[in-house]
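Trainee: Take this structure first; my questions come after.
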Amino acid sequence: MQINLDERKATLSVRDFAEFRIGPTDSGIGRSGRWRAEIGQRWHREMQTQMLQERADAIFEVSIKGHLTHKKWRIELQGRIDQLIDDGATLRIREIKSVNSVLPQQREDLENSYPSYFVQLAIYMALAEKSPTWKGKSITGELVFVDITDGVTQEVSLGPEAKVLLFDQLEKLHDFLDERWNSRKRLRKMEFQKPFSELREGQELTQAQLNYFLDKPGPILFEAPTGFGKTGMALEFALTHLREGLFDRIIYLTGKATGQWQAISQFRQMVITAESLQFYQMRNKSDHAIASPMHTCDNGVSCRSQLEERWERSGISPARLFIKGTVDLTDIKSLGAQTGVCPYEISRTVLPFADIWVGDYNYVFSPRNRGVFYNQPGFDSAKTLLIVDEAHNLPSRVAGAFSSFASGDDADAVRDELRFAGCALPILHTWKIYAQFLHTLEPSERLDLNLEYELTDLLETLENKLQSCQFDPLLISTKSWEEIWKISEMRSFLDNAALEKLFWVPRKGILKLTCLDAAPEITATIDEFGKVILMSATLSPIDYFQSSCGQTPEHCNHLRAETPWRDSAYSIAVDARVDTRFRTRERYYAVTADTAIQMRLNSQKPLAMFFPSYRYAESIGKYLSADRPDFRLALQARGIDLEDQAQFLENALASSDIILLVMGSGFTESVDLLGGRISHAMVVGPALPEVNAEQNARMDDRSHLPRETAFRQVYQAPGMVKINQALGRLVRSPDQRAHVLLHCRRFAETSSNELLDKDYQNSPILKTDASLLIWLTSNQDALSPPSGP
């Protein structure tokens, strides 16, 4: 739906208008959109053949457009009528609707189960009546329901009641459009305060550059160090242009809940009158889950069972839920417990009434989850400002969203549940073949081409049979539903020629479908929006980030904030005495431990050590404990959430001498506790990705490039991004300083050094114990210029 508030006009398809409603729907159990579309097309073709045998003059797929006026709004519509039969004085409109239920049924049951089908026919009848093409003709309409399992049909005619159906639907749309109109008036009066009482050096210029790039084509790549205030600046930019009406909505995405909370907190601080701006943080399903007498969230199917009926009884008015600018999740869950409506569905229904949506990357970039945002009434990406924070993580996150895996054991479990749920024998037999296929797979770095063809055929067969499979969905577990939905997702992934992909078998019976490069999907999504800001403290190396997002220098605008105060914030040196490559690092364990001890003795604060892996950190930890048992070590824990990560660092900073962290983890990317509390840090080797099947495939796919170029893209650049990100969090304001030792001779190589952030490049190179001691006891300006490795 496209809404032009200035002209009080809405433009949408007949189907979207017929399906329009405020509130959740019972439909949508499973992700069957592609399945239903394909089987619907199949039955449309079958019904066309049958009709031609009866009436050779029948015409099909007839395009129609027109407008309806209701109160102060003009509704422009376009659609395609399935079948049209001209009987002279009478024009008969027939709509074919495939359903997965037994026919015939009572008319009342069909009206209750498929209300939008009746409304859609009523709209076509009204448009045909107004069309000069059929002026003077009597318009009749009928729905032809087709049971997809056996082809049984049932015809239901629509007479004078069509006008009542149409009026009721126009009323629903009118109320929503009026709310959007009032929202525009509310935003025009919005007052907000600037995020900073005084601008820090470089911020005024950055503000001007943001506004300059507004009218330039392509996304803005906004790079500013941690602590610069880029979130506040981006939000000020966004609120300004939202108030002016340049954008209808703002979407703010980041991959961590802490980043989302930070944005929400910033909105609260900036807006003077809370009611003038409505914003909402869309959390994930698990955060919404409740267990109450009225409703318990379990496998996702019960959450949608009788959902429309529960919603109508609930009396919930989404627009009225916004108190002080937003709706708290606790209130949403409380409403769910009181009314029996799944809290997640309440949240989805709240979204159309919010001016700003805050959430995870998946709600825009994941094919599985993007419908949560994209299917909202009134959402128009072309009139939306998209802000992506921590954007350096976007390429890997999107690639992960397109990747999946399947196992023989999981397939066996699904087959058992399908049998118990009453699924027909043909689908059970095909599913057994699929499970056996997975069980027989032997470990391989790339699936044999013949097996890939066999997999493609199996997925297509399964998808086709699932289209018409009837079973009790309440008897299927959440995990098994995920496996069933994967069939269509894996087939879509296989069919997506734009993506760089790998099919491989890490262990017997387990198949991985890995998206190696999601750049085409990222750039396609970016192009949909009115404007996009991709921001991070670490977009460098910028050419690597641009290509990872499918962008070119000519197509985007790189805004790197000027921060003169950082020029003297870092004292960095390269320790060329050691080689931390996997095959040689062990011989330098003692040197690494001794160097860490010296750095700690030259610091009044804990030393932070950054490692490429847990195993490496653990090994050095043992040497440190042996050499200095009096030192208190804190080794980063595995697999803990953000809250526990923050608590670990607080404890480590308060009571440890050396903190051992792993690069690329939440500790080094998402917890902003180190700035000003760490004065010395040691980076133990470039954090190059491990060599595995996926990395080998990426190298193979770049065989047309010089090996050095391919190695830079696949290994060096991703590793240096992790280092840049970790070091960027050590200095967050002009009064903070950090002494950093890059502990490996590879940092002295041009190919590695040029991938570091410019603030960390061209550092002195230490080749002897004496030069290290000098650096530790003085500053880098006292060192003589490097003479090379």
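The values are calculated or read from the model by the stated rules, or taken from the named source; none is laboratory data. Since the model is a prediction, treat every value here as computed from it, not as a measurement. Counting neighbours? That spans all protein chains shown, and the Cβs are built from the backbone with ideal geometry, glycine included. We work out accessible area using only protein heavy atoms, side chains counted, and drop any ligands, DNA or RNA first. Shrake-Rupley method; radii C 1.70, N 1.55, O 1.52, S 1.80 Å.
Trainee: Principal axis lengths of the range 551-591 from Cα atoms, whole Å, largest first?
Mentor: Principal extents (Cα only, largest first): 47, 30, 11 Å.
Trainee: Hey, in the chain, which Cys have no second cysteine's beta-carbon closer than 4.7 Å?
Mentor: Within the chain, the cysteines lacking a partner Cβ under 4.7 Å are C297, C423, C469, C515, C549, C556, C744.
Trainee: In 10 Å bins starting at 0, how do the alpha-carbon pair distances of the range 483-639 split up by percent?
Mentor: With 10 Å bins starting at 0, P(r) equals 7, 22, 21, 25, 19, 6.
Trainee: The range 152-287: D in µm²/s via Stokes-Einstein (Kirkwood Rh, Cα pairs, 25 °C, 0.890 mPa s)?
Mentor: 133 µm²/s
Trainee: Same structure again: Once label points are set 7 Å from the Cα along Cα→Cβ at both N651 and K194, what is their separation, rounded to one decimal in nm?
Mentor: Here the modelled spin labels are 4.3 nm apart.
Trainee: Going by the alpha-carbon gyration tensor, a ≥ b ≥ c the square roots of its eigenvalues, is the range 377-501 rounded (a/c under 1.5) or, if a/c is not under 1.5, prolate (a/b greater than b/c) versus oblate?
Mentor: Oblate, since a/c reaches 1.5 and b/c is not below a/b.
Trainee: Where in the range 110-127 is the amide nitrogen less than 20 Å from a point lying 7 Å along the Cα-to-Cβ axis of Q50?
Mentor: So the set is 110-111, 114, 117-118, 121.
Trainee: Hey, what D do you get for the range 365-414 in µm²/s if you plug the Kirkwood alpha-carbon radius into Stokes-Einstein at 37 °C and 0.692 mPa s?
Mentor: Once the numbers are plugged in, D ends up at 238 µm²/s.
Trainee: Skip the ligands, DNA and RNA, and give the accessible area per residue of the chain with a 1.4 Å probe, whole Å².
Mentor: On a per-residue basis, 43 Å².
Trainee: Oh, and also: Please give the charge dipole size of the range 45-107, origin at the Cα centre, charges +1 on K and R Cβ atoms and -1 on D and E Cβ atoms. Round to the nearest 20 debye.
Mentor: With Lys and Arg at +1 and Asp and Glu at -1, about 500 debye.
Trainee: Using the 2.2 N^0.38 Å rule of thumb for compact globular proteins, work out how the range 423-565 stacks up: its C-alpha Rg over that value, please.
Mentor: My calculation over the Cα atoms of the range 423-565 gives 1.44.
Trainee: Given the Cα-Cα distance of R632 and T273 and 0.36 nm per residue of separation, how much length would full extension add, in nm?
Mentor: 124.3 nm
Trainee: Volume per residue, Å³, of the convex hull around the alpha-carbon atoms of the range 270-410?
Mentor: Convex hull volume per residue, Cα atoms: 143 Å³.
Trainee: Sequence-distant or interchain residues sharing an amide H contact under 5 Å with I139, placed H: which?
Mentor: Answer set, sorted by chain and number: L91.
Trainee: To the nearest 20 debye, what charge dipole does the range 397-489 have about its Cα centre, counting +1 at the Cβ of each Lys and Arg and -1 at the Cβ of each Asp and Glu?
Mentor: Charge dipole of the range 397-489: 260 debye, to the nearest 20.
Trainee: Normalized C-alpha radius of gyration of the chain, against 2.2 N^0.38 Å?
Mentor: 1.09
Trainee: Grab the eigenvalues of the alpha-carbon gyration tensor for the range 633-726, scale each by 5, take roots, and send me the semi-axes largest first in whole angstrom.
Mentor: With the √(5λ) rule applied to the range 633-726, the semi-axes are 33, 14, 10 Å.
Trainee: R0 = 30 Å: FRET efficiency of H439 with S396, Cβ-based, nearest 0.05?
Mentor: Here the calculated transfer efficiency is 0.50.
Trainee: Would you kindly state the longest site-free stretch of the chain, with sites defined as chymotrypsin sites (Phe, Trp or Tyr not before Pro) in a DSSP loop (not H, G, I, E, B) surrounded by at most 14 other Cβ atoms within 10 Å?
Mentor: In the chain, the maximal stretch lacking such sites is 197-581.
Trainee: What distance in nm separates the two pseudo spin-label positions at L705 and R107, each 7 Å out from Cα along the beta-carbon direction?
Mentor: With each label placed 7 Å out from Cα toward Cβ, I get 6.6 nm.
Trainee: Please state, rounded to one decimal and in Å, the Kirkwood hydrodynamic radius that the range 160-214 gives when every pair of distinct Cα atoms enters the mean of 1/r.
Mentor: Roughly 15.6 Å, rounded to one decimal.
Trainee: Using +1 at the Cβ of each Lys and Arg and -1 at the Cβ of each Asp and Glu in the range 55-213, identify which of L127, S63, Y212 lies farthest towards the dipole's positive end.
Mentor: Y212
Trainee: On the protein heavy atoms, probe 1.4 angstrom, tell me the percent of accessible surface of the chain carried by carbon and sulfur.
Mentor: Within the chain, the accessible surface is 49 percent carbon and sulfur.
Trainee: Here is a further query. For the range 292-364, take the convex hull of the Cα atoms, compute a quarter of its surface area, and give me that in nm², please.
Mentor: For the range 292-364, the mean projected area of the Cα convex hull comes to 5.4 nm².
Trainee: For the range 33-141, divide the Cα radius of gyration by the Kirkwood radius and give the resulting Rg/Rh value with two decimals.
Mentor: 0.98
Trainee: Roughly speaking, what is the stretch gain from D215 to T750, that is 0.36 nm per residue apart minus the C-alpha to C-alpha distance, in nm to one decimal?
Mentor: Between D215 and T750, full extension yields 188.9 nm more.
Trainee: Among L462, L449, F493, flag the residue with its Cα farthest along the positive direction of the charge dipole of the range 446-500, charges on Cβ as +1 for Lys/Arg and -1 for Asp/Glu.
Mentor: Among L462, L449, F493, the one farthest towards the positive end of the dipole of the range 446-500 is L462.
Trainee: Same structure again: Bin all alpha-carbon pair distances of the range 479-534 at 10 Å intervals from 0 and give each bin's fraction as a whole percent.
Mentor: 19, 38, 30, 12, 2
Trainee: If you rank S444, S603 by how much accessible surface each has, with a 1.4 Å probe, what is the order from largest down?
Mentor: Most to least solvent-accessible, the answer reads S444, S603.
Trainee: A further question on this structure: Just the C-alpha atoms of the range 565-676: what Rg/Rh do they give, with Rh taken as the Kirkwood radius?
Mentor: We get a ratio of 0.95 for the range 565-676.
Trainee: Work from the charge dipole of the range 697-746 (Cβ charges, +1 for Lys and Arg, -1 for Asp and Glu, about the Cα centre) and give the residue of M720, P734, T709 farthest towards its positive end.
Mentor: P734
Trainee: Rounded to the nearest 20 Debye, what is the dipole magnitude of the chain about its Cα centre when Lys and Arg each give +1 and Asp and Glu each give -1 at the C-beta?
Mentor: Magnitude of the dipole: close to 1320 debye.
Trainee: Points 7 angstrom from Cα along the Cβ direction at E155 and T25: gap in nanometres?
Mentor: Result for the modelled spin labels: 2.7 nm.
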